[in-house]
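Note sheet for the following structure.
Computed from the coordinates by the stated procedures, all read-outs in this text should not be read as laboratory data. Every value quoted in this text rests on a predicted model; they were computed, and no experiment measured them. Glycine also receives a Cβ, built like all others from the backbone with ideal geometry; neighbour counts cover every protein chain displayed.
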Amino acid sequence: MKRTKLALALLGLLVAQSPRLQAQTGPAPAAKAVIQIWMWGGPSQLETFDPKPGAGYDYTGPWTKPIATNVPGIEIAQGLPLLAGIADRYAIIRSMTHGSNAHETAAYMMQTGHEPGGGIVYPSLGAIVSRFKGYDNGYTGQIPPYVVLTESQGRFSEEGFLGPRYKPFVTGGDPAKKVFAVEGLVAEGVDEAGLAERRALLESLDSLGKAQAADPAIAEARAAAGDAWALVTGEAKKVFDLSLETEATRDRYGRNSFGQACLAARRLVEAGVPYVTINYKGWDTHKEHFGVLDKKSGELDTGLSALILDLEARKLLDSTIIWWGGEFGRTPKIAWEAPWNGGRSHYGAVFSVLLAGGGFKGGRVVGSSDARAEAVATRPVYPRDLLGSILERLGIDPEGALPNPLGLELKTMPSQGEGPGKGRLKEIM
Amino acid sequence: MIAPGKATSLCLVLLLWSLGYWAAAQSSQAPKPTIDGIVSRALAAGGKSLNAPVSDEAYISRVYLDLLGTRPTVAEQDAFLADPSPERRAKLVEGLFLRPEFADYLSLKWGDILRVKSEYPSNLWPNAVQAYHQWIREAMRTNLGYDKFARALITGSGSDFRDPESNFFRVLPSRDPASFARHVSQTFLGLGLDYLDAGTATELGRFFSRLAFKRSMEWKEEIVYTDPLAPGSAAGPASASTSVSYRFPDGSRIEASPGADPRIVFADWLCSPANPWFARAMANRIWSWLLGTGIREPVDEARLGGPEASPELLDFLAKALVDSGWDLRALYRLVLASQTYAQESRGDAEPSYARYRIRRLDAEVLADALYRVTGKGEAYVSPIPEPFTFIPKENRSISLADGSITSSFLVKFGRPSRDRGLASERNSKVSVDQELYLLNSSALRQGIEQGPLLAEALALAKTGKAGALSYLYRSLLGRRPSPAEAATVEAYLKRKGGPSRQALVDIAWALVNSTEFLFRH
């Protein structure tokens, strides 16, 4: 007993003397932005942040050599060496759970924090942030406050009952191409003089628009067109011009769509956009899982590690939350038989999520799965706990009222007391 | 002396007889209510009157967009304008009823209401969606009586794949009497369940408390049936009593035998001409589809006893629907022949139902209109990679069955999510990202440059620029350019050195971006 007390006292002394740890004892200032890396399809927990090398070949397949990270005691999968070098910058949640193996339901729960049903469709986290940190609350940027790179999620309407005002701006285009042709913003092959000439022609030929300018629907359309012209001819769109970055920077993120989307996300956050989603497709690996992983892990490793380090170098990591994860994980027992040929199915019982920046403590692991990553072993984390923690770090009350056009009394997240589990992620906040 | 009571009776008999005589003789002297009469009186109360009637040119564009979700081609315009018959507008409408696009466009509207959509949050699987849509489309194509349509949906049982109308209740994400009641109420009564008092809402749910669902051996097949012993059923075990009492939303009651399917009991009440809401709700919907605003708003979640802008007009339209034997096309005919429908769109806001409202084209209608220009079609995507979800680009957007099959364009332009089945889910406001796409996207610009419309105009330009210009105007806006517009274009062409390809691209681009192209008016 005495020994323990002594040890605690010593630890206290140590903490007091370490400036880095000391800084973390007070409440961190609120985060300002979120970059969500949505692993569309559901990434395998075993081949990312929860390897189980001892589970046997039917569980590990050929991936039997997890790698040590720069945090003693934390190992991650062998395909992520760069991320292994910076594990002190992020927290891993190994006990994420909701129990659903259906894309639609699982995606809904992971994006909204709510169970489906009740005739109500809740908004995704991005739409909630857009509601509380967007145009209604002082955001004045020309770039909309909720941007999706580059394709919309599509499983459900992201804005839910909040309505179209909170819908994301979906960029389209491919950031890895020579010109990132953001739909409508960046048009290839039109000069400014030609644009001005066309605009004048349109003005002079818009007979109905001029004759009925007082009609509210037409007035609204003309106002939107005015805003669009301001964007097209203004400076704001330069945020999407990746050619303004050095070649070295672009290389560091990886010369592929995901890597360059990470770079675009960093530029958007720098410009003040509060919520950016990168829809990263291709993780629904029912068939030939390991072949896909061999190909995609490097892309993920390079892009995500570069994003974390670049934000840190620009002193933006403390104010930017990076949230990595998909709708669920994958079935630990491998389906070797045809037609799967070594595939993994959907798995919502337990899976992993990564959180970095924005005041979340790095170098930590929250919860654990059992020996084969088949069930939660300790500290189950539910979608509402994860999303509520992100909202809390943003200074948005996770149990506050969510104003809505339905006129109903709704809350951003279900109450912590309403369900099982230990609630929000206090251990890393 | 004749007793006073008898005198009254005699007068009444005489009056009725003479009314009947007049009606039989179709005498124009009978003070028969008409849409225009009712609307004109409402306008006159505010010192206003109906606007000037639209030209035949404007009428054909309007009626094509409202019935087919499609603009008339130049050839269709010519055929109509060349028809010397004084009945040409009525003939036009009859012809449009028979077009496949009419069934497509109506099915699109019903798809929004009935939430025809693959998972999620709807519970339908893609082949159930296709079956359901086909059933609805066939009902619209054959002009199935509205009472039969509603009855089939309310009482539908069987397999989601093989008995499509059984999907009416299956779409709902939660399966409880309150959810069933809400769906029925907003679909067929036009009333929001939350505005009914709790007792009435609960009583409404009792009609659907025996609905039951069971899986079959086939993937995602589900059987809808009525379970007389359903737990929580209104009756409890059928043998427990001799009759079951139900209360309808209008307060009337019925004693039904315990073995009777309460859904059928409800359908009998719903489709009765005496039902105070059923015909009115549908008449109101058709009015809002054609004129742009309901006489009662919202059309689906109205407050019980809430204000109706013109009870008289709703009475008249509902009666017409009942008298026609629940023939939706009869109601269309009536409205489309009115001066109220055919007046110019300009005008002030009140009363809002009395004018033809200017409104942006639906996302699907706009996509199809642009397809005509670009020839490119939509890159449809489905979140569920199943058979029945791969839709070719040439497929017109108004004929899409499944609300989950979409394209980035349709999302951008506010296609409804079909999550709640409400008209308010469709967003036809113009937003900045839509304008960005229309004004400056490479996709649309290249589409105009490389598409069929420009090629056709260029071919005409070889024989004279006036023909090319007129063709562009008529194809895109359904009318010829005014002299002032022709002069503006002339000046532009002059500056550009003639009707070059680039100059015509610029003009086509300007017209595609004009208010007139984007809006029905």
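Relative to the current alpha-carbon distance between residue B:315 and residue B:303, full extension at 0.36 nm per residue lengthens the span by 2.6 nm.
What pairs from A:52/A:287; A:281/B:393; A:315/A:426; B:91/B:376; A:133/A:426 go past 26 Å between their alpha carbons? List each step's numbers first, then the result.
Working: A:52/A:287 21 Å; A:281/B:393 22 Å; A:315/A:426 24 Å; B:91/B:376 33 Å; A:133/A:426 23 Å.
Pairs exceeding the cut-off: B:91/B:376.
Under a model in which nothing but the beta-carbon of Lys, Arg (+1) and Asp, Glu (-1) is charged, segment B:102-212 shows a dipole of about 180 debye around its Cα centre.
Largest first, the extents of the alpha carbon coordinates of the protein assembly as shown on the three principal axes equal 122, 90, 53 Å. Secondary-structure-derived ellipticity at 222 nm for the protein assembly as shown, considering helices only, amounts to -12500 deg cm²/dmol, per-run term -39500 (n - 2.57) for DSSP H runs with n ≥ 4.
GluC sites (Glu not before Pro), restricted to segment A:351-429: which are DSSP loop and have at most 10 other Cβ atoms within 10 Å? The partial results should precede the final answer.
Values: sites: A:374, A:392, A:399, A:409, A:418, A:427; in loops: A:374, A:399, A:409.
In loop regions of segment A:351-429 (DSSP not H, G, I, E or B), the sparsely surrounded GluC sites (Glu not before Pro) are A:409.
Test of the criteria: in segment B:189-229, which chymotrypsin sites (Phe, Trp or Tyr not before Pro) are in a DSSP loop and have at most 16 other Cβ atoms within 10 angstrom of their Cβ? Filter output for segment B:189-229: B:219.
Out of every Cα-Cα pair that chain B contains, those further apart than 31 angstrom amount to 53 percent. How much of the pair distance distribution for segment A:188-237 lies past 13 Å, counting alpha-carbon pairs only, in percent? Tail fraction, whole percent: 65.
Using only the alpha carbons of segment B:188-318, what is the convex hull's orientation-averaged projected area in square nanometres?
10.2
For segment B:309-369, the extents of the C-alpha atoms along the principal axes are 37, 29, 18 Å, listed from largest to smallest. Plainly put, segment B:114-260 has a radius of gyration that is 0.97 times its Kirkwood radius, both from alpha-carbon atoms, as the Rg/Rh ratio. Given segment B:44-91, what whole percent of its Cα pairs are spread farther than 16 Å? Roughly 47 percent, once rounded to a whole number. Across segment B:183-197, computed HN-Hα scalar couplings (Karplus, 6.51 cos²θ - 1.76 cosθ + 1.60, θ = phi - 60°) run 4, 5, 5, 6, 6, 10, 10, x, 10, x, 4, 5, 8, 7, 5 Hz from first to last residue, x flagging Gly and Pro. For A:76, B:286, the sequence from fewest to most other C-beta atoms within 10 Å is B:286, A:76.
If you wrap segment B:251-393 in the convex hull of its Cα atoms and look at it from every side, the mean projected area works out to 14.1 nm².
Would you mind computing Rg(Cα) / (2.2 N^0.38 Å) for segment A:255-319, counting N as its residues?
Numbers: Rg = 13.6 Å, N = 65, 2.2 N^0.38 = 10.7 Å.
Against the compact-globule rule of thumb, the ratio is 1.26.
Derived scalar couplings between HN and Hα for segment A:357-367 equal x, x, x, 6, 7, x, x, 10, 10, 9, x Hz in order, rounded to whole Hz, by the Karplus curve 6.51 cos²θ - 1.76 cosθ + 1.60 (θ = phi - 60°), x for Gly and Pro.
Cα centroid separation, segment B:506-521 to segment B:388-463: 14 Å. Treating each Cα of segment B:50-159 as one equal point scatterer and applying the Debye formula with no solvent, the log10 of I(q)/I(0) at q = 0.24 Å⁻¹ comes out as -1.31. Note on residue B:450 and residue A:203: their simple-model spin labels are 3.2 nm apart, each label 7 Å out from Cα toward Cβ. In chain B, the longest principal axis of the Cα atoms and the axis of helix B:363-374 are about 30 degrees apart. Amide H to amide H distances under 5 Å link residue A:34 with A:275, A:276, A:321, where only residues 5 or more positions off or on other chains count and H is placed in the peptide plane. Going from the fewest other Cβ atoms within 10 Å to the most, the residues A:429, A:109, A:413 appear in the order A:429, A:109, A:413.
Eigenvalues of the Cα gyration tensor times 5, then square-rooted: what semi-axes does that give for segment A:359-429, in whole angstrom, largest first? Could the numbers behind the result be given before it?
Working: eigenvalues 148, 47, 14 Å².
Semi-axes (√(5λ), whole Å): 27, 15, 8.
In a simple Cβ point-charge model (Lys, Arg +1; Asp, Glu -1; nothing else charged), the protein assembly as shown has a dipole of about 880 debye relative to its Cα centre. Quick one: if the Förster radius is 56 Å, what FRET efficiency do residue B:490 and residue B:349 give, using the C-beta to C-beta distance and rounding to 0.05? About 0.90, to the nearest 0.05.
Shielding value for B:423-432 is 5, the average number of Cβ atoms from other chains within 10 Å of each residue's Cβ.
Can you figure out the FRET efficiency of residue B:56 with residue A:193, using R₀ = 45 Å and their beta-carbon distance, to the nearest 0.05? Computed FRET efficiency for residue B:56 and residue A:193: 0.60.
For residue A:394, the residues whose modelled amide H falls within less than 5 Å of its own, excluding neighbours fewer than 5 places apart on the same chain, are A:31.
If you run the Gaussian network model on chain A, springs between alpha carbon atoms under 10 Å, then out of A:216, A:405, A:332 the most flexible one is A:216.
Dipole magnitude of chain B about its Cα centre, charges +1 at Lys/Arg Cβ and -1 at Asp/Glu Cβ only, in debye to the nearest 20?
Numbers: 62 positive and 58 negative charges, 184 e Å.
Result for chain B is approximately 880 debye, rounded to the nearest 20.
Scaled to the globular estimate 2.2 N^0.38 Å, the Cα spread of segment A:296-394, given as radius of gyration, is 1.27. Using the alpha-carbon atoms, what tilt in degrees (0 to 90, nearest 10) does helix B:465-477 show relative to the longest principal axis of chain B? Once rounded, the angle reads 20 degrees.
In units of the rule-of-thumb radius 2.2 N^0.38 Å, chain A shows an alpha carbon radius of gyration of 1.06.
Computed on the Cα atoms alone, the convex hull of segment B:438-520 gives a volume of 90 cubic angstrom per residue. Dipole of chain A computed with +1 at Lys/Arg Cβ and -1 at Asp/Glu Cβ about the Cα centre; of A:161, A:232, A:429, farthest Cα towards the positive end is A:429.
Near the amide H of residue B:159, within less than 5 Å, lie the amide hydrogens of B:224, all on another chain or at least 5 residues away, with H placed in the peptide plane. When chain A is treated as a Gaussian network with alpha carbon springs shorter than 10 Å, the biggest mean-square fluctuation among A:85, A:419, A:42 belongs to A:419.
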